[in-house]
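Asker: Take this structure, written in structure tokens, and hold onto it; I'll ask about it next.
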Amino acid sequence: MTDIQPFLIGGAWAHGEGTPFDSLNPATGDINGTIAGASAADVDRAVRTAKAAQADPAWRDMLPHRRAAILRRIADRIESDAESLARRQMRENGKRLAECREQAAGAAAAYRYFAGLCEVMPSEVAPSRGPHLSMVVYEPYGVVAAITPWNSPLTLEAQKVAAALAAGNAVVLKPSEFTPTPALRVAELALEAGLPPGILNVVTGLGGETGAALVAHPDVRLISFTGGTATGKAIAREAAGRMAAVALELGGKSPHIVCADADLDKALDGVLHGMFTSSGQSCIAGSRLFVERAIFDGFVARLVARTRALKVGAPDAPDTDVAPLSSFIHRDKVASMVEMARADGAQVLAGGTRPDDAGLAKGAYFLPTILGGLDNTARICQLEVFGPVLCVLPFDDEPDLVAQANGTAFGLAAGIWTGSMPKAWRLARALEAGTVWINTYKELSVSVPFGGVKESGSGREKGFWGLRTYQEPKTVMWGLA
Ligand code: NDP
């Protein structure tokens with residue numbers, strides 16, 4: 001029992017009664033460790049502990065500037081522990097160390113940002129329509145369930161937890177089974193920073209066991225979920241049964257657009273960055289590339305040459321461009337989707353297989369891949385791969401482009417490269433997406449709202465909206481007659 005990593009409820013470590021599981025390093029196939037699984041009974045205890053801690057005046061009545069001070073101290077501790085947190089994430093999801101370091105810094109920044117908002121979040125006095133004072137105050141939900149995926153746990157968990165705590169909630173967080181321990185370490189740091197025990201609980205375990213029990217718990221008032229669209233829909237259906245609120249950050253198949261009048265050198269860099277960072281395992285990856293027909297052949301030829309030159313290698317090697325995929329199961333799924341595309345008639349212009357480098361044989365590697373020869377209705381252009389697979393598609397004019405770009409169930413992000421400001425503005429307004437980048441791609445900031453439209457989700461995280469996601473407005477009318 002002692003070498004199983006326990007989880008955290010009410011400030012105390014627990015081994016629980018659920019199914020333990022192994023965490024694997026996808027770069028080597030080595031076992032990082034065995035992690036305790038939380039059963040439905042453990043989840044029940046976590047939620048009840050969170051509910052009691054949230055209702056305790058020590059937290060419920062804590063003045064916002066005092067909550068902010070705790071959030072800032074959590075940020076300080078994350079910064080002090082950043083290298084170790086980055087390496088911990090890298091061992092679990094195989095992401096390049098440089099990106100993991102940026103994400104550890106991003107996690108600290110999220111705590112600082114929401115500490116700032118916590119101190120300044122206003123209530124409102126609304127225009128009166130009678131002899132009364134009309135006020136709107138914003139209250140926490142109570143217990144928030146946060147459920148997260150494996151691709152960027154450090155930042156995705158921070159942007160949920162920091163906002164939920166700033167808003168006055170208590171949180172029960174279930175990280176992905178593939179990246180279970182960064183959340184445990186951050187929760188430990190939060191306790192050291194003075195967060196009352198029970199306000200942040202972390203239950204590790206499998207989605208169908210621990211995650212499902214959390215979603216079904218009657219005392220969970222808001223479920224903040226980031227993950228795949230199919231899981232998000234199942235969670236929304238379950239939550240609807242008891243009218244629990246949901247905030248859903250789901251999948252994407254984002255159009256990345258290069259017009260003939262763009263700075264093509266910069267566009268080329270942007271397309272590579274937008275697609276192959278995080279080995280393509282990014283909800284906002286620009287995975288459908290639309291290039292204006294007049295420049296299509298020349299631009300794609302340059303893109304293919306640059307893609308073939310990308311260095312596939314270990315996540316901590318400084319010259320690595322593309323690290324392994326996050327798990328062996330996921331690598332096999334990506335490979336099978338490329339086979340599906342081949343069967344549908346795709347031309348494999350780059351990659352399409354595992355690397356044949358013997359030094360990489362033990363890891364979950366897959367070559368950066370470019371597919372051509374299909375139209376936007378092909379299965380590979382419609383389904384989220386969540387790996388290093390880019391589909392290239394020509395377009396003729398703006399109406400054709402907008403119809404193709406919006407011709408998807410998703411609506412998370414989009415990118416436009418053009419030298420024309422009016423064209424950029426027209427396209428930015430016409431594209432169905434939560435975020436549109438113009439002459440850049442995959443720039444993220446904690447100070448602007450992030451989320452999707454259509455099947456990419458509902459609700460927003462980050463920015464001022466990201467705080468309100470974790471609060472409910474309450475109207476208070478005070479008679480003056
Ligand atoms: P999943 O939907 O498979 O899992 C996400 C989380 O949900 C995991 O913690 C998982 O646990 C848990 N889970 C699985 N089944 C259930 C269930 N029935 N009830 C409750 N929880 C459950 O997604 P992935 O982890 O595979 O992540 C990839 C997906 O995440 C992609 O679709 C990607 O686009 C999306 N994503 C979206 C982002 C956004 O901001 N829009 C950002 C990043 C990723 P377990 O790991 O144990 O299965």
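Asker: Determine the per residue accessible area of the stretch 201-254 with all protein chains present and a 1.4 angstrom probe, expressed in square angstrom. Can you show the working numbers first?
Answerer: Values: 1820 Å² over 54 residues.
Here the residues of the stretch 201-254 average 34 Å² of exposed surface.
Asker: Using the heavy atoms of the protein chains alone and a 1.4 angstrom probe, what is the accessible area of the stretch 255-445 per residue in square angstrom? Write out the running numbers ahead of the final one.
Answerer: Numbers: 7670 Å² over 191 residues.
Accessible area per residue, the stretch 255-445: 40 Å².
Asker: What is the total of Lys pairs in the stretch 255-445 with C-alpha atoms under 19 Å apart, excluding same-chain pairs fewer than 8 positions apart? Walk me through the numbers before you get to the answer.
Answerer: Values: Lys266/Lys423; Lys266/Lys442; Lys311/Lys362; Lys333/Lys362.
So the count of such lysine pairs works out to 4.
Asker: A further question on this structure: Kindly write out, for the stretch 206-212 in residue order, the coupling ³J(HN,Hα) from the Karplus curve 6.51 cos²θ - 1.76 cosθ + 1.60 (θ = phi - 60°), rounded to whole Hz, with x marking Gly and Pro.
Answerer: So the J values, rounded to whole Hz, are 7, x, x, 9, 5, x, 5.
Asker: With a cut-off of 8 Å between alpha carbons and a minimum separation of six or more residues, what is the relative contact order of the stretch 1-158 in percent? Write out the running numbers ahead of the final one.
Answerer: Details: 197 pairs, mean separation 30.7, N = 158.
The normalised contact order for the stretch 1-158 reaches 19 percent.
Asker: Which of rounded, prolate or oblate describes the stretch 255-445 when judged by the alpha-carbon gyration tensor and an a/c cut-off of 1.5? Could the numbers behind the result be given before it?
Answerer: Values: a/c = 1.77, a/b = 1.57, b/c = 1.12.
Prolate is the answer for the stretch 255-445, as a/c is 1.5 or above and a/b outweighs b/c.
Asker: Pairs of alpha-carbon atoms within less than 8 angstrom and 6+ residues apart define the contacts here; what relative contact order does the chain have, in percent?
Answerer: Numbers: 1124 pairs, mean separation 88.6, N = 481.
Worked out over the chain, it gives 18 percent.
Asker: Could you work out how far the C-alpha centroid of the stretch 415-481 sits from that of the stretch 1-55, in angstrom?
Answerer: That distance is 34 Å.
Asker: Now for a different question. Pop out the ³J(HN,Hα) list for the stretch 400-413 in order, Karplus 6.51 cos²θ - 1.76 cosθ + 1.60 with θ = phi - 60°, rounded to Hz; leave Gly and Pro as x.
Answerer: With the stated coefficients, the stretch 400-413 comes to 4, 4, 5, 5, 5, 4, 7, x, 7, 6, 8, x, 8, 8 Hz.
Asker: Tally up the carbon and sulfur contribution to the accessible surface of the chain as a whole percent, 1.4 Å probe, everything protein left in place. Walk me through the numbers before you get to the answer.
Answerer: Numbers: 10660 of 19050 Å².
Solvent-exposed carbon and sulfur of the chain make up 56 percent of the total.
Asker: Using modelled amide H (1.01 Å from N, peptide plane; none on Pro or chain starts), what sits under 5 Å from the amide H of His132, excluding residues fewer than 5 places away?
Answerer: Leu480
Asker: So, for the stretch 74-136, what is the accessible surface per residue at a probe of 1.4 Å, expressed in square angstrom?
Answerer: Working: 2870 Å² over 63 residues.
For the stretch 74-136, the per-residue accessible area is 45 Å².
Asker: Give me the net charge of Ser134's neighbourhood, meaning all other residues with Cβ under 13 Å from the Cβ of Ser134; Lys, Arg count +1, Asp, Glu -1.
Answerer: Working: positive: Arg129, Lys474; negative: Glu124.
Around Ser134, the charge tally is +1.
Asker: Counting only other residues whose beta carbon sits under 10 Å from that of Val312, what net charge do I get with K and R as +1, D and E as -1? Please report the intermediate quantities before stating the final value.
Answerer: On the way: positive: Lys311, Arg354; negative: Asp321, Asp357.
Spelling it out: positives minus negatives among the neighbours equals 0.
Asker: Just to confirm a number: summing +1 for Lys and Arg and -1 for Asp and Glu over residues other than Asp400 whose beta-carbon lies under 15 angstrom from that of Asp400, what do you get? It would help to have the intermediate numbers written out before the result.
Answerer: Values: positive: Arg288, Arg293, Lys423, Arg426; negative: Glu292, Asp375, Asp396, Asp397, Glu398.
Neighbour charge sum, excluding Asp400 itself: -1.
Asker: Taking amide H atoms as placed 1.01 Å from N in the peptide plane, list the residues 5 or more away in sequence, or in a different chain, whose amide H sits under 5 Å from that of Trp417.
Answerer: For Trp417, the qualifying residues are Ile257, Val258, Cys259, Asn439.
Asker: Among 286-297, 17-28, 420-431, what's the highest-first ranking by average C-beta atoms within 10 angstrom per residue?
Answerer: On the way: 286-297: 20.8, 17-28: 18.6, 420-431: 14.6.
Listed from highest to lowest mean packing, they are 286-297, 17-28, 420-431.
Asker: Taking 8 Å as the Cα distance limit and 6 or more residues as the minimum spacing, I'd like the relative contact order of the stretch 237-297 as a percentage. Write out the running numbers ahead of the final one.
Answerer: Details: 53 pairs, mean separation 26.8, N = 61.
So the answer I get is 44 percent.
Asker: Under 5 Å between amide hydrogens, which residues at least 5 positions from Gly434 or on another chain qualify, with H placed 1.01 Å from N in the peptide plane?
Answerer: It is Leu412, Ala413, Val453, by chain and number.
Asker: Would you calculate the separation in nanometres between label points at Asp61 and Arg429, each defined as 7 Å from the Cα along the Cα-to-beta-carbon direction?
Answerer: About 5.2 nm, to one decimal.
Asker: Go ahead and estimate [θ] at 222 nm for the chain from helices alone: -39,500 (n - 2.57) per DSSP H run with n ≥ 4, summed, over the residue count, rounded to 500. Show your work: numbers first, answer last.
Answerer: Working: 16 runs with 186 residues, N = 481.
Helices in the chain give a 222 nm mean residue ellipticity of -12000 deg cm²/dmol.
Asker: Across the stretch 105-117, in residue order, what do the Karplus-derived ³J(HN,Hα) couplings come to in whole Hz, using 6.51 cos²θ - 1.76 cosθ + 1.60 with θ = phi - 60° and x for Gly and Pro?
Answerer: 5, x, 5, 4, 4, 5, 4, 5, 4, 6, 4, x, 5
Asker: Just the projected area, averaged over all directions, of the convex hull on the alpha carbon atoms of the chain: how many nm²?
Answerer: Numbers: hull surface 96.1 nm².
Averaged projected area of the chain's Cα convex hull equals 24.0 nm².
The values are calculated or read from the model by the stated rules, or taken from the named source; none is laboratory data. Just so it is clear, the model here is predicted, and its values are computed rather than measured. Note that each Cβ is placed from the backbone with ideal geometry, even for glycine, and that neighbours are counted across all protein chains shown. Protein only, heavy atoms only, side chains kept; ligands, DNA and RNA dropped before computing areas. Shrake-Rupley method; radii C 1.70, N 1.55, O 1.52, S 1.80 Å.
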